[in-house]
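Report on the following structure.
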Amino acid sequence: MSPTHHDNDTAPAEVGAASARESTDSADDLSHNPSGLWSGDTGTLGERTRRVLLELLKGPYVSGTQAPQLWAALVADEGLVRSRLHDLFLDLVIDRVDEFAFTRKIVTDEIDAPAAVRSERLTFLDTAMLLVLRQLLLAAPGEKRVIVDREEVYERLAIYRTGDESTFHRNLNGAWSRMSNRLRVLHKAGEDRFEISPMVKFLIDEDRVRELIAVYERIAAGETDAGEIDADTEEDEA
């Protein structure tokens with residue numbers, strides 16, 4: 001029998017044996033880790049819990065209304081999710097009434113914690129719009145949904161106009177787009193009607209709110225020009 005003929009006879013058997021070993025190895029990997037989702041997976045969280053953890057890290061928040069399955073996974077495994085976030089110097093903030101959760105940097109004097117999430121720098125008009133949305137939300141206590149008209153919000157911001165009207169309106173549209181798409185505090189509820197997310201309450205802390213309101217009142221009274229105010233705010237993407 002020639003060597004060539006011998007090789008042809010044994011090659012299929014060798015390939016079959018290799019495939020069998022790989023299959024066995026994969027089965028062993030998954031049997032050693034019941035939580036494994038793929039061969040070699042060393043994770044210990046269930047799939048939905050991993051997904052909610054990922055969404056929290058991506059930000060800005062997880063909503064029980066928009067993602068009920070993820071919210072259920074978060075509630076069920078809150079302790080595990082919180083522990084994983086603490087590994088990254090992040091804290092978990094949960095609003096159980098309005099059903100949303102987000103992450104933020106831990107606040108402690110015990111260690112110098114590194115920043116673990118990106119920051120979003122807001123313009124003067126972005127911040128003013130956030131304040132208006134926050135005021136509209138807080139002015140309707142007990143309401144399940146707070147719906148606003150885009151023009152209503154724009155009218156409230158008209159006192160801060162600088163430059164020509166078309167440029168100001170373009171800047172308003174840009175701020176509105178960031179509220180809807182990047183920060184996700186506005187959700188479409190009809191033709192030019194939008195629901196304000198309860199999350200807007202947490203984007204600016206109370207001290208900063210008081211400070212900004214004082215600044216904007218001076219602008220509205222004509223005591224200060226909007227262009228002279230450095231009202232940028234760093235907001236953590238939750």
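Summary table below
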read-out	value
Residues being in a loop (DSSP other than H, G, I, E, B) and in contact with a Leu (Cβ under 8 Å, 6 or more places away or on another chain) - total across the stretch 45-63	2
Check on Gly142, open to solvent by 80 Å² or more (accessible area, probe 1.4 Å) and small (Gly, Ala, Ser)	yes
Test for Thr65: is it touching a residue at least 40 places away in the same chain (Cβ under 8 Å) and among the β-branched types (Val, Ile, Thr)	no
Only listed residue being in a loop (DSSP other than H, G, I, E, B), under 19 Å from the mean Cα position of the chain (by Cα), surrounded by 19 or more Cβ atoms within 10 Å (Cβ to Cβ) and not assigned by the TED database to the domain that holds Glu217, chosen from Val97, Val117	Val117
All positions within the stretch 199-214 that are surrounded by 19 or more Cβ atoms within 10 Å (Cβ to Cβ) and more than 12 Å from Leu131 (Cα to Cα)	Met199
Matching residues, the stretch 64-74, being surrounded by fewer than 22 Cβ atoms within 10 Å (Cβ to Cβ) and not in a loop (DSSP other than H, G, I, E, B)	Pro68, Gln69, Leu70, Trp71, Ala72
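The values are calculated or read from the model by the stated rules, or taken from the named source; none is laboratory data. Values in this document were obtained by computation on a predicted structure and should not be read as measured data. Heads up, the Cβs are rebuilt from the backbone with ideal geometry, glycines too, and the neighbour counts pull from every protein chain shown. The protein model used for the area step is the full one, side chains on, heavy atoms only, and it has no ligands, DNA or RNA in it. Shrake-Rupley method; radii C 1.70, N 1.55, O 1.52, S 1.80 Å.
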